[in-house]
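K.L.:
A single structure is presented below for examination.
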Amino acid sequence: MSRTRRNFNAKFKSDLVLELLKGEKDLNTLASENSIQPNLLRNWKKEFLDKASVVFDDSREDNLKDKLAAERKEKASYARKVGQLTMQVDWLKKKSEEMLGPDYESKFTPKPFDD
């Protein structure tokens, strides 16, 4: 019999770790009340404490701003490319119609394969 893997969201994890850090209940009690392994809760606590300094990191905001600016630049680049390609398609349609007539598309419709 195989067990299905359970996924826990960040809020659930942080709530349990904070409750553990308050010291009102010990690790084994919290783990058993929430039907999880004590080692899992221990790992969450370690990860929580290791990453706690990120909350007070001033460069985090700068990194987010830089990332946002890069994403905006990339989005603008894609918008320019879409505009350019749209103009090319429109120009090709116009020239095809001029050279081959208004029903030019029907001349290029793929025909079904015969088996």
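K.L.:
In the chain, once you exclude exposed chymotrypsin sites (Phe, Trp or Tyr not before Pro) (DSSP loop, at most 14 other Cβ within 10 angstrom), what's the longest stretch remaining? Can you show the working numbers first?
P.N.:
Details: sites that count: F8, F108, F113.
Answer from the scan: 9-107.
K.L.:
Right, next: Can you list the residues, at least 5 places off or on another chain, whose amide H is less than 5 Å from the amide H of I36, using H built in the peptide plane?
P.N.:
HN-HN under 5 Å from I36: empty list.
K.L.:
Tell me, what HN-Hα J-couplings in whole Hz come from the Karplus equation 6.51 cos²θ - 1.76 cosθ + 1.60 at θ = phi - 60° for each residue of the stretch 73-79, using x for Gly and Pro?
P.N.:
Those phi angles translate into 5, 5, 5, 5, 4, 5, 5 Hz.
K.L.:
Using a simple charge model, +1 on the beta-carbon of Lys and Arg, -1 on the beta-carbon of Asp and Glu, nothing else, what dipole does the chain show about its Cα centre, in debye to the nearest 20? Display every interim value, and only then the final one.
P.N.:
Details: 24 positive and 21 negative charges, 44 e Å.
Charge dipole, the chain, about its Cα centre: 220 debye, nearest 20.
K.L.:
Among the GluC sites (Glu not before Pro) in the stretch 18-115, which ones are in a DSSP loop with at most 10 other Cβ atoms within 10 Å of the Cβ? Mind listing them?
P.N.:
Working: sites: E19, E24, E33, E47, E61, E71, E74, E97, E98, E105; in loops: E24.
The qualifying sites are E24.
K.L.:
Over the alpha carbons of the chain, what is the largest minus smallest coordinate on each principal axis, giving the biggest first in Å?
P.N.:
Over the chain, Cα extents along the principal axes are 82, 50, 15 Å.
K.L.:
What are the ³J(HN,Hα) values, in whole Hz, obtained from phi via the Karplus relation 6.51 cos²θ - 1.76 cosθ + 1.60 with θ = phi - 60°, for each residue of the stretch 93-108 in sequence order, with x given for Gly and Pro?
P.N.:
Per residue, the Karplus-derived 3J(HN,Hα) values read 5, 4, 5, 5, 5, 5, 7, 10, x, x, 9, 4, 5, 5, 6, 10 Hz.
K.L.:
How far is the Cα center of the stretch 22-50 from the Cα center of the stretch 67-100, in Å?
P.N.:
Answer, in whole Å: 54.
K.L.:
Could you give the Stokes-Einstein D for the stretch 47-107 in µm² per second, using the C-alpha Kirkwood radius, 37 °C, 0.692 mPa s?
P.N.:
Numbers: Rh = 16.0 Å.
Approximately 206 µm²/s, per Stokes-Einstein.
K.L.:
Now for a separate question. Quickly estimate the mean residue ellipticity at 222 nm for the chain, helices only: each DSSP H run with n ≥ 4 gives -39500 (n - 2.57), and the total goes over all residues, rounded to 500.
P.N.:
Details: 5 runs with 79 residues, N = 115.
Counting only the DSSP helices, I get -22500 deg cm²/dmol.
K.L.:
Of V82, N43, L18, whose Cα points farthest to the positive end of the dipole of the stretch 10-82 (charges on the beta-carbon: +1 Lys, Arg; -1 Asp, Glu; origin at the Cα centre)?
P.N.:
The one lying farthest along the dipole's positive direction is V82.
A short reminder: the numbers here are calculations on the coordinates, not readings from a lab. Predicted model only: the values in this text are computed from it and were never measured. Virtual Cβ from ideal backbone geometry, glycine too; neighbours counted across all protein chains shown.
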